[in-house]
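The structure appears right after this line, and notes come after that.
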Amino acid sequence: MKAVMPSVPPEILEWRKRSGADRWDEMWNGVLHIMPAPNREHQDLEGSLEGYLRSHWGRPRGARVYHQINLAPPGGRPDDYRIPDLVLLTAERFAIDHNEYFEGAPDAVVEIHSPDDEAYDKLPFYEELGVPEAWVIHRDTKQPEVYLLKRGRYRKQRAVGGWARSLLTGTEMRASGSGKLVIRRVGDDATRAELPES
């Protein structure tokens, strides 16, 4: 259900801050987007994917993987930021890390798409920042999509043999058909995992 309030009463904002319910809230050009907490299935997939990417991509390359980071345009405007599920950062882009928020484009963002969320609506913001790769993984089916930035616009990568490939990480993903995301280094079954791990 979507709802629009022309102005949010201060007592609601204070309650959300006090209770921690504002943890996933985002500001889109000065408009507050109140996000519900991700459910357990979403969190399980996000945590497992973060762990896999840290082990198989981040550590070997001196890169970093973070979850739920405030991502703002250059200038760090407090009225315009999004919170991707995961952010992938190579050493060349470590300078965008300002601890409380990232200012500018990371190498990739990952959105786990739940029904009725705004994952796809965030893609134009990531395009404007110049994020080279954006992943959208459907929470319920585990179907992955990889978008590459070409001439300022995202283009969905065509699957190769059923695998969605990330050029940045050298990984490929597909839905298992049994409620899991299968991920591996391209063509390397020794690195294969089914996520979330249980």
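Mean separation of Cα pairs under 8 Å and 6 or more residues apart, divided by the residue count, gives the range 1-105 a relative contact order of 23 percent.
Pick out, in residue order, every one of the GluC sites (Glu not before Pro) in the range 1-108 that is DSSP loop and has at most 13 other C-beta atoms within 10 Å; say none if there are none.
Within the range 1-108, the qualifying GluC sites (Glu not before Pro) (loop, at most 13 other Cβ atoms within 10 Å) are Glu100.
Taking Cα centre as origin and charging only the Cβ of basic (Lys, Arg, +1) and acidic (Asp, Glu, -1) residues, the dipole magnitude of the chain rounds to 720 debye. A 22 angstrom limit on the alpha carbon distance is what I want to check against. Which of Lys122/Lys156; Lys122/Lys180; Lys17/Lys142 exceed it? Cα-Cα > 22 Å for Lys122/Lys180; Lys17/Lys142; rest within. For the chain, the longest principal axis of the C-alpha atoms and the axis of helix 10-19 are separated by about 40°.
Sites listed here are trypsin sites (Lys or Arg not before Pro) in the range 1-57 whose DSSP assignment is loop and whose Cβ has at most 15 other Cβ atoms within 10 Å: Lys2. For the range 120-198, trypsin sites (Lys or Arg not before Pro) meeting the loop criterion (DSSP other than H, G, I, E, B) and having at most 14 other Cβ atoms within 10 Å: Arg151, Arg158. Rounded to 0.05, the FRET efficiency of the Arg155 and Tyr120 pair, given R0 = 22 Å and the Cβ-Cβ distance, is 0.95.
Taking other C-beta atoms within 10 angstrom as a stand-in for reagent exposure, Phe102, Phe94, Phe125 fall in the order Phe94, Phe125, Phe102, fewest first. Calculated [222 nm] ellipticity per residue, helices only, for the chain: -4500 deg cm²/dmol; basis is -39500 (n - 2.57) per DSSP H run with n ≥ 4, divided by all residues, nearest 500.
Taken together, the values in this text are just the output of simple stated rules run on the coordinates, not laboratory data. For clarity, every value in this text was computed on a predicted model and none was experimentally measured. Quick reminder, even Gly has a Cβ in these numbers, built from the backbone with ideal geometry, and neighbours come from all protein chains shown.
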